[in-house]
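Structure, as structure tokens:
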Ligand code: SF4
Ligand code: SF4
């Protein structure tokens, strides 16, 4: 299917490409990890995980060196006496929340984040959030969502968080564009300017940078996803009246162009009007991407499942850089959301879920030129002679849109570059 | 429920991982959800191990909970045996696994695998990482160690117990202590857990005695070996010149050897006595870490460099008694805590000129603009240096001298700073020149005593910054004691005369 036709494909056209479903050991973070970027994005929010020492340790290991003056996340660690019923958990939670808000009166939005332990013992955090909110509003709103590893995989934590925000969004009857998915502030500003040039000015971003500024939604809202892992958020926004715009994700020059064009189409703006607005940045993006083509052209790539960005990234790398995807693993495949990207994907095995030992065996057999994987696998694969790219960096770096397309390509080129330089 | 920002120790199953990852031919089947696989990166990224930890996680999901998670566990254990063909296996649950009460021990036994299967009970809601490591090592030793065959050799032999994965400088300490023991003419039977296979563990009892390098890890196993096989074990931790000498004496006594007359091979004593080190004398240092390292560093700091220890603490509650005793001896209040904010508060109150701690104290020190050296786990990737850098033995003492002194100003540099404190490029906001040209923020202690006059405040700024905190404190105490409401330049110098060294 050609790229421009993608905008006219029937909405129902899912891909009937075969997908390998795996159900074994997963080697992926849980949804708590989303807090690492979400707490930087929403600047007056605090994330309180109700969980175990493991959850606290995960956060610290995933956040790595990011120890800020005082982080806006913490863990209420469940202890033996809570489990033994010696302490009433809800009283304990009240105590911890009070302690926290006394220390941080600047917090406007507090998320109680559920974990595996809190879910297994059926601690109802939504009820707790409602109860506590009555005491803390209007100063602080308290919401609850789950980031547990038994319910969510890595980026699904953001989906779960944004879903909890949807009921707090104001209602509007205006025709507006709602862009969902955390992106770097600088990228949002670029997008806002480009949309203005195209003629779309009523724009909101979810999540907003501050708790009190969440965008409005209503029957005339056009929803454009910036991240592919937001299935539940989409459902909640559709229930509020929003209509999702079907588009490939804005990675690379082509992906970004199609994304902007899809939005223009949904707003009834002629494509001729889009062209002059995006021409200059698109050419810059093409040039920036082309600089890495020599390094990446013809190279094979293998994706372990991680962020759900795998399919759009494989599309970008194959179409704009000539890479050859061998296997594209994704923790979860949302065909509705990823349909447009799937249609532009070359032949390659798409796998959903994971059985890490079997997948490692396939990877070793294929000997890809580049393997995209999590932090637990990267060094062992390097030691076996494979070149790797840590997938987590793709979530932590600004990679969306025209101006970042070159940086995105560079993230994949650098490991190969390193190999070609090293003589030791 | 305990509100926690940062943790010094992970959960106990991470301790178990530190043991199996260090060993060969072992596998760990862990009943845990997918997110718990993050722990792999501690080993592959932070420690840069080139192999995945030998751990299979069952990664059960919510939808499995209604069904048969027990069957899932058994399948995972069977597959792990088939795939990795380990010589022995440990099985257990993480915090969530513990809650679903599937009994990994019983389930694994029911599989009748042709290898020893060692069940672990690690109570995740009570215990922590180091305890988990010690318990796991003890369980493995207890399950596998065999009685002693009749002795054939004449040379004394020992085991080295304690080095494991993710330990602070374990790799290099081990190399240093091995060479020290071989210089003494003592053969090494087994090193464990690092590099040991289940077969190696089974012949632990062949040795005459045990050398325990990290009590937090190997204490319970060494006690067991003593009770079961009558093996004595060493108690001195050879960190610093004096402790290394005592260690050698203790080892020679255990081995029935004469203590060598010539054994001093460290530059530390001379470096500490050389004139440039005058500037180290009496520097206030705050020490926090695991008990083994905190205690050892306090001794080195006081006896071997001449620092003043102004704070001592540990997150290892299991050794609170020892740390309390050492703190009493030093005349400081002991800090037994794993509450990051409490430790930060204590550091601010102690006004140290140097912080020796974990990666957490490094961040605190960075924020406070204080020099810092890392002396204990938990640590980051940069604390696994490429070069050989033990902290144990005589070479370890050399390394300690360097790493404790390196973050500080050099002697003459400090004097020059005092003289030319208003120099535009050579002032107290500048980092030590041997640390490169970067500027380092040196935040002032905030004036919490309202009564400083502008002139006195200005005068205070002229006092070299490394004693300024002390001068401020002393002056305020002086003023308070005398009911002086407003501190003038006069008061400042009165106080200086009063407290003068
Ligand atoms: S790529 Fe397009 S044409 Fe091919 S199977 Fe998928 S939807 Fe059908
Ligand atoms: S997988 Fe569950 S228990 Fe583990 S860190 Fe994530 S939420 Fe906590």
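Nothing in this text is a laboratory measurement; each read-out follows from the coordinates by a stated rule. What you are looking at is a predicted structure, and each value in this text was computed from that prediction instead of being measured. With ideal geometry, Cβ positions are generated from the backbone for all residues, glycine too; neighbour counts draw on all protein chains shown.
Points worth noting:
- Residue A:110 vs. criteria more than 14 Å from chain B (Cβ to nearest Cβ), more than 16 Å from ligand 2 (Cβ to nearest atom), surrounded by 20 or more Cβ atoms within 10 Å (Cβ to Cβ) and under 28 Å from residue A:306 (Cα atoms): no
- Some residue of region A:390-412 being assigned to a strand (DSSP E or B) and either touching a strand residue (DSSP E or B) at 6+ places or on another chain (Cβ under 9 Å) or within 25 Å of residue B:45 (Cβ to Cβ) (or both): yes
- Any hit, region A:348-360, residues being within 16 Å of ligand 2 (Cβ to nearest atom), in a loop (DSSP other than H, G, I, E, B), within 14 Å of chain B (Cβ to nearest Cβ) and buried (at least 20 other Cβ atoms within 10 Å of the Cβ): no
- Counted as qualifying within region B:132-236 are the strands (runs of 3 or more DSSP E) with 1 or more residues that are surrounded by fewer than 19 Cβ atoms within 10 Å (Cβ to Cβ), namely B:157-161, B:187-192.
- Search result, residues across region B:20-42 that are at the interface with chain A (Cβ under 7 Å from one of its Cβ atoms) and either touching a helix residue (DSSP H, G or I) at 6+ places or on another chain (Cβ under 8 Å) or not in a helix (DSSP H, G or I) (or both): B:33, B:35, B:36, B:37, B:38, B:40, B:41, B:42
- Lone qualifier among B:17, B:45 - being part of a helix (DSSP H, G or I), surrounded by fewer than 24 Cβ atoms within 10 Å (Cβ to Cβ) and either in contact (Cβ under 8 Å) with a residue 24 or more places away in the chain or away from ligand 1 (no atom under 16 Å from the Cβ) (or both): B:45
- With respect to (1) within 13 Å of chain A (Cβ to nearest Cβ); (2) in a helix (DSSP H, G or I); (3) out of contact with any strand residue (DSSP E or B) (no Cβ under 6 Å at 6 or more places or on another chain), the lone exception for residue B:338 is condition (2).
- The residue list A:73, A:47 contains one member that is more than 10 Å from chain B (Cβ to nearest Cβ), under 27 Å from residue B:36 (Cβ atoms), within 16 Å of ligand 2 (Cβ to nearest atom) and crowded, with 18+ Cβ neighbours inside 10 Å, which is A:47.
Yes or no, residue by residue, for (1) touching a strand residue (DSSP E or B) at 6+ places or on another chain (Cβ under 6 Å); (2) touching a residue at least 40 places away in the same chain (Cβ under 8 Å):
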site	(1), (2)
A:83	no, no
A:86	no, no
A:91	no, no
A:101	no, no
A:112	yes, yes
A:118	yes, yes
A:124	no, no
A:140	yes, no
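- Among the residues of region B:298-327, those that are out of contact with any helix residue (DSSP H, G or I) (no Cβ under 8 Å at 6 or more places or on another chain) and surrounded by 23 or more Cβ atoms within 10 Å (Cβ to Cβ) comprise B:315, B:327.
- Residue A:329 being within 16 Å of ligand 1 (Cβ to nearest atom) and outside any loop (DSSP other than H, G, I, E, B): no
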